[in-house]
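Below is one structure, written out as structure tokens; the observations come after it.
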Amino acid sequence: MIFTSPPFMDTEDYGTQSDSMRQDWIESFVLPFIQACRSRLAPGGRLALHLKDVKGAPTFTAYHMAALGAGFKQIAKHKYGRSWTQSVYVYSTSGN
């Protein structure tokens, strides 16, 4: 199992960044990160990501789409937190 909390990207000013800069972040960090997780997990392995979306930086969407594209299947979502919406998303390499 891999459990991680990638950067929420809420310390940057995304109001001035273009869509191409966000796409660069996805291609240079998110996709390779998710692919590395997938390559290190045995069949039936789990990936748990602590995520929240931040205004102007769709963190959940980027990681979720990358995980699905790498062959993961979402099997659970655990919400928590009082002052903001954040969740732990659990993915499986085999869907079990």
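Computed from the coordinates by the stated procedures, all read-outs in this text should not be read as laboratory data. Please read all numbers here as calculations on a predicted model, not as lab measurements. Here the Cβ positions follow ideal geometry from the backbone for every residue, glycine too, while neighbour counts run over all protein chains shown.
Can you give the extra length, in nm with one decimal, that the chain gains between Met21 and Ala48 once fully stretched, where that is 0.36 nm per residue apart less the Cα-Cα distance?
Working: separation 27, 0.36 × 27 = 9.72 nm, distance 2.61 nm.
Length gained, Met21 through Ala48: 7.1 nm.
Work through the residues other than Arg38 whose Cβ is under 14 Å from its Cβ and net out their charges, Lys, Arg +1 and Asp, Glu -1.
Values: positive: Arg40, Arg46, Lys73; negative: none.
So the surrounding residues net to +3.
Excluding Lys73 itself, calculate the net charge of residues whose Cβ lies under 14 Å from the Cβ of Lys73, where each Lys or Arg counts +1 and each Asp or Glu counts -1. Numbers along the way, then the final one.
Numbers: positive: Arg38, Arg46, Lys77; negative: none.
Neighbourhood net charge equals +3.
Listing Arg40, Arg46 from the residue with the fewest other Cβ atoms within 10 Å to the one with the most, what is the order? Display every interim value, and only then the final one.
Details: Arg40 10, Arg46 17.
Placing the least packed residue first, the sequence is Arg40, Arg46.
For Ile2 and Val88 in the same chain, what is the full-extension length gain: residue separation times 0.36 nm, less their Cα-Cα distance, in nm?
Values: separation 86, 0.36 × 86 = 30.96 nm, distance 1.20 nm.
Going from the current span to full extension adds 29.8 nm.
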